[in-house]
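FYI, it's all coordinate maths here, none of it is from the lab. All of these numbers come straight from a predicted model, not from anything done at the bench. Ideal geometry is used to build each Cβ from the backbone, glycine not excepted, and the neighbour counts take in all protein chains shown.
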């Protein structure tokens, strides 16, 4: 019994220590934060979907690259985005960088839509409202007595 007790103690200590194989595999199974996945486009197979929505083999490969860079190499989100854009081009980013022509191309449609809405509103205000005011204030002119008699006769005849 005296020889078994130290062996059991050593076995218990070894079981409690994390396995190096499990630690090496840990980064491969860790989940990727949703804000990181939603900021990347799956460009490996040309599907061009946001990585959080894509579930094909190319997306799994892209997730593996992201896991390796984030958890094994210790990159933060900005470093990861810089790495991915240097390898795959800026088309891998879901939102363009806030500089240069990319930012102007991203903002221009929204500015144009807002400007168009203002122009339509002001145009309708000038075209519709003055006409409405004239109709409301318009009082019909009295009918000449000759025409009033003729109208009464025709109404009696047909009604």
Which whole-number percent is the relative contact order of the stretch 41-126 (Cα, under 8 Å, 6+ apart)?
21 percent
Give the order of 85, 52, 145 when sorted by the count of other beta carbons within 10 angstrom, beginning with the fewest.
145, 85, 52
Quick one: Cα centre-to-centre distance for the stretch 73-90 and the stretch 29-62, in angstrom?
14 Å
Label-zone membership for the stretch 80-117, site residue 65, 7 angstrom Cα→C-beta point, backbone N under 12 Å:
81-93
Under a crude label model (7 Å from the Cα following the beta-carbon direction), how far is residue 155 from residue 113 in nanometres?
5.4 nm
Estimated FRET transfer efficiency when R0 is 41 angstrom, pair residue 94-residue 128 (beta carbons, to 0.05):
0.45
